[in-house]
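Here, each number is a calculation from the coordinates, and none is a lab measurement. Source: prediction; values computed, not measured. Methodologically, a virtual Cβ is constructed for each residue, glycine included, from the backbone with ideal geometry; neighbour enumeration extends over all protein chains shown.
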Amino acid sequence: MSRKANRSVRGSRTGRPVMALLDLLGRRWTLRVLWELREATLTSRALRQACDDASPTVLQARLAELRQAGFIELEPGSGYRLTARGKELLATLLPLHRFAERWRDA
């Protein structure tokens with residue numbers, strides 16, 4: 001991950017790795033981009049459509065941040081896809097997704 005431990009991030013003066021990760025994941029459209037890439041490689045245009053026509057400026061900023069963090073990569077001629085680290089992150093979020101589904105139905 002591009003953020004270093006002990007470096008201040010939004011919401012934390014300590015810069016603990018978990019805080020840096022939560023800061024990144026809490027940014028607008030970050031989780032949605034990761035979710036949309038879970039099963040397919042998508043172009044910027046396809047991602048924008050999948051993200052309910054998110055602002056191109058904001059979407060490009062999130063894509064750059066996710067690339068810098070090592071969660072996604074740009075495959076020339078194909079589009080964006082999850083890296084192994086991105087797939088690992090998504091796998092850790094799936095229990096939260098399942099919990100949210102049960103919570104919704106309760």
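Some notes on this structure:
- For the stretch 22-32, the Karplus equation 6.51 cos²θ - 1.76 cosθ + 1.60, evaluated at θ = phi - 60°, returns couplings of 5, 4, 5, 5, x, 6, 3, 6, 4, 5, 5 Hz by residue, with Gly and Pro reported as x.
- As a size descriptor, the averaged projected area of the C-alpha convex hull of the chain was calculated at 7.5 nm².
- Per residue, the average separation of C-alpha pairs within less than 8 Å and at least 6 apart gives the chain a relative contact order of 22 percent.
- Using the Cβ-Cβ distance between Leu93 and Ala46 with R0 = 22 Å, the FRET efficiency computed as 1/(1 + (r/R0)^6) comes to roughly 0.55.
- Highest average first, the peptides 22-28, 79-85, 89-95, 66-72 ordered by how many other beta carbon atoms sit within 10 Å of their residues are 66-72, 79-85, 22-28, 89-95.
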